[in-house]
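No lab work stands behind these numbers, since they all come straight from the coordinates. As the structure is a computational prediction, the values presented were derived from the model and not from experiment. Ideal geometry is used to build each Cβ from the backbone, glycine not excepted, and the neighbour counts take in all protein chains shown.
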């Protein structure tokens with residue numbers, strides 16, 4: 001619709017900056033939500049519309065010195081206008097709700113992964129220590145852990161619970177050095193558990209970042225920011241303080257944890273270098289790693305300990321503990337695979353930084369729970385050393401990113 005205001009309406013002779021801009025541009029667009037345009041009081045100056053009006057042009061403005069002079073100029077102001085059409089609605093609320101629900105579901109999924117990971121790890125460490133106290137044969141115990149995981153995954157693939165990975169000879173060649181390092185680290189950690197307290201083993205294992213920086217710097221020529229090097233000070237200092245104040249210090253247990261740290265550092269390096277670009281990941285990757293490690297470990301376990309020693313030790317354990325000992329062995333073997341499987345699954349869902357923080361918190365939960373369950377005596381300085389070392393690993397994970 002178009003309209004014409006045929007009266008001067010007493011327009012002022014001076015204008016503020018906004019009015020002057022309107023006059024210079026000769027155009028003006030009204031507010032979208034306006035329902036009424038009210039001009040100064042004069043005849044035929046008020047226009048009503050059910051829809052918002054857009055003024056498309058303003059012309060014919062003149063200077064009026066006196067209000068009564070408007071009578072001699074009938075068509076001083078002429079405006080063209082049109083009705084605004086109703087805008088189409090955009091269903092953005094639905095999209096926002098979907099995004100919010102998806103983000104909440106993802107957070108819940110990650111939280112569930114973390115809680116399951118920590119719980120399974122705590123249960124494994126408890127049953128693993130119980131088995132080793134009654135049956136001090138870490139090589140066989142390590143072998144059974146890998147065998148249980150391999151069996152679980154073979155059944156999962158056969159029943160289509162898990163998708164069978166597509167592998168080739170190049171994949172297995174690249175996996176071999178990773179499996180060797182994984183086997184050494186796994187056995188060394190179990191040996192440490194058999195000789196020392198669970199809490200002490202995990203305190204020493206919290207020093208793994210120091211080995212990572214050392215190996216990467218010396219062998220790979222990598223350099224790190226200054227905060228990374230500084231974060232190693234509390235790690236090394238805390239581990240040293242915990243070691244010298246440990247009431248039941250055992251050299252084999254200490255060396256086992258240190259060798260485990262070094263082996264797992266090489267495992268991570270080999271995995272990063274050799275497995276880059278491979279399609280197998282997550283749960284299936286760890287399953288393949290367990291199977292190859294089992295093949296590597298079995299002959300060494302037989303050579304180091306042997307079936308005859310195992311038979312005697314098994315009879316003694318069953319006679320002392322009873323049938324529950326068999327369930328302990330099954331539990332530690334199954335939970336070892338499950339907690340590692342969940343950790344690899346969670347690594348696919350979160351960033352390495354979040355994973356490192358989660359791993360630090362996991363170690364705290366294991367240390368605290370083992371002290372409570374096994375009633376291990378701990379001195380204040382020993383606890384302080386553990387806290388400093390674990391805090392150092394947290395600083396390292398922050399600085400590394």
field: the range 168-225-the range 123-160 distance, computed between alpha-carbon centres (Å)
entry: 19
field: Potential extension, residue 157-residue 217 segment - 0.36 nm per residue separation minus Cα distance
entry: 17.6 nm
- request: Starting from the Cα-Cα distance between residue 308 and residue 240, subtract it from 0.36 nm times their residue separation and give me the gain in nm to one decimal.
  value: 20.6 nm
- prompt: When only Cα pairs under 8 Å and 6 or more residues apart are kept, what is the percent relative contact order across the range 248-401?
  reply: 26
message: Quick check on the range 276-347: what are the equivalent-ellipsoid semi-axes from the Cα gyration tensor, as sqrt(5λ), descending, whole Å?
response: 31, 18, 6
task: State, as an integer percentage, the relative contact order of the range 117-400 based on alpha-carbon contacts under 8 Å between residues 6 or more apart.
output: 42
message: Given points 7 Å out from each Cα along the Cα-Cβ axis, report the residue 164 to residue 276 separation in nanometres with one decimal.
response: 3.2
message: On a full-extension model of 0.36 nm per residue, what is the gain between residue 348 and residue 391, subtracting their alpha-carbon distance, rounded to one decimal in nm?
response: 13.0 nm
field: Backbone N within the range 367-401 under 13 Å of label point (7 Å from residue 230 Cα along the Cβ vector)
entry: 395-396, 399-400
- prompt: Over the range 255-388, with a single point scatterer placed on each C-alpha, what log10 of the ratio I(q)/I(0) does the Debye formula yield at q = 0.14, 0.21 1/Å?
  reply: -1.01, -1.45
Label-point separation, residue 255 to residue 300 (7 Å along Cα→Cβ), nm: 1.5
field: Pairwise label distance in nanometres, residue 330 with residue 172, each label 7 Å out on the Cα-Cβ vector
entry: 3.1
